[in-house]
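Novice: My structure is below; once you've seen it, I'll send some questions.
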Amino acid sequence: VGRMAEPAVILRAIEGFFDSFTVVDPGVPLIRLGGDGDGGYLVADDLTGIQACLSPGVDTVASFEKSLIDRGIPCHLVDASVAGPPFDHPLISFRPLFLGGHDGEGWITLNRWVSELPYDGDLLLQMDIEGHEWAALLATPRETLQRFRVIVLELHDLHLLATTLGRSVVTTAFQRLLDDFELVHVHPNNNLLPVDYRGLSLHPVVE
């Protein structure tokens, strides 16, 4: 049994985390890949030479992947909650697996997935896996993360920053990204209302 942290200490810790959301100019324009609604994302127009996209989390549409395929970039999808990708194409592969923090029956880590693909150059990661991104990121070696030139993420459950465990997981995983990447765009997902915590608005999902 331990003594709970003072509210002011917790607030400073949460504010410190969001202070790390510093957006920088990538030196190239941002372009939108995918549709105007859910599934479309702004990314830096720095895709030349990217060999493939890894896209865990499959929806009923795949407008982001379609935009990459139109540019000749193969897309590899994993998701065990669906029967297959929304459309077939020679540049799409699909495996019925969940991405997470361990390799096992029905699950695969990002490190293993990358190692099994036939690429030695830059990759793109687009990940929307409903909260499993934290375990997946924490389990991924730094050298594997460095294989990705561009990472597009939906970060879930950020309202759990109000808890000690939530802050530990979220800040550790996000700092691992900041060690090698710069944030070029961020916005809250508009489908969920923010959660109020002592005057702070904590958006549960951020893209």
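The values are calculated or read from the model by the stated rules, or taken from the named source; none is laboratory data. Everything numeric here is computed off the predicted structure, so don't read it as measured data. For neighbour counting, all protein chains shown are included, and Cβ atoms are generated from backbone atoms with ideal geometry for every residue, glycine included. The accessibility values were calculated without ligands, DNA or RNA, using every heavy atom of the protein model including side chains. Shrake-Rupley method; radii C 1.70, N 1.55, O 1.52, S 1.80 Å.
Novice: May I ask you to give the percent of accessible area on the chain that is carbon plus sulfur, with a probe radius of 1.4 Å?
Specialist: Working: 5650 of 10680 Å².
Ligands and nucleic acids excluded, carbon and sulfur give 53 percent.
Novice: Spelling out what I want: for every residue of the range 22-36, take phi, set θ = phi - 60°, compute 6.51 cos²θ - 1.76 cosθ + 1.60 (Karplus), and round to whole Hz; glycine and proline get x.
Specialist: Those phi angles translate into 8, 7, 10, 7, x, x, 9, x, 8, 10, 9, 10, x, x, 6 Hz.
Novice: Another question, then. As a test question: what accessible area, to the nearest 10 Å², does Ile14 have when a 1.4 Å probe is rolled over all protein chains in place?
Specialist: Counting only protein heavy atoms, the figure is 0 Å².
Novice: What FRET efficiency would be calculated for the residue pair Ser168, Tyr119, taking the C-beta separation as r and a Förster radius of 25 Å, to the nearest 0.05? Mind showing how you got there, number by number?
Specialist: Working: r = 33 Å, r/R0 = 1.33.
Using R0 = 25 Å, I get an efficiency of 0.15.
Novice: For the range 1-74, what does the alpha-carbon gyration tensor say about shape, rounded, prolate or oblate, given a ≥ b ≥ c as the root eigenvalues, a/c under 1.5 as rounded, and a/b over b/c as prolate? Intermediate values should be presented prior to the final figure.
Specialist: Values: a/c = 3.18, a/b = 2.14, b/c = 1.48.
Note, shape of the range 1-74 comes out prolate.
Novice: Using a/c under 1.5 as the rounded threshold, could you call the range 11-123 rounded, prolate or oblate? The axes a ≥ b ≥ c are square roots of the C-alpha gyration tensor eigenvalues, and prolate needs a/b larger than b/c, oblate otherwise.
Specialist: Cα axes put the range 11-123 in the oblate bin.
Novice: If we restrict to alpha carbons, what Rg and Dmax does the range 91-182 come to, in Å?
Specialist: 13.5, 43
Novice: As I understand it, the value is the acute angle between the Cα axis of helix 164-178 and the longest principal axis of the Cα atoms of the chain; what does it come to in degrees, rounded to 10?
Specialist: Between helix and principal axis, roughly 50 degrees.
Novice: What angle do you read, to the nearest 10 degrees and between 0 and 90, between the alpha-carbon axis of helix 7-19 and the longest principal axis of the chain?
Specialist: It works out to around 30 degrees.
Novice: For the range 53-129 and the range 143-196, what is the separation of their Cα centres, given in Å?
Specialist: The distance from the Cα centre of the range 53-129 to that of the range 143-196 comes to 20 Å.
Novice: Right, another one. Roll a 1.4 Å probe over the protein chains and send me the accessible area per residue for the chain in Å².
Specialist: Here the per-residue accessible area is 52 Å².
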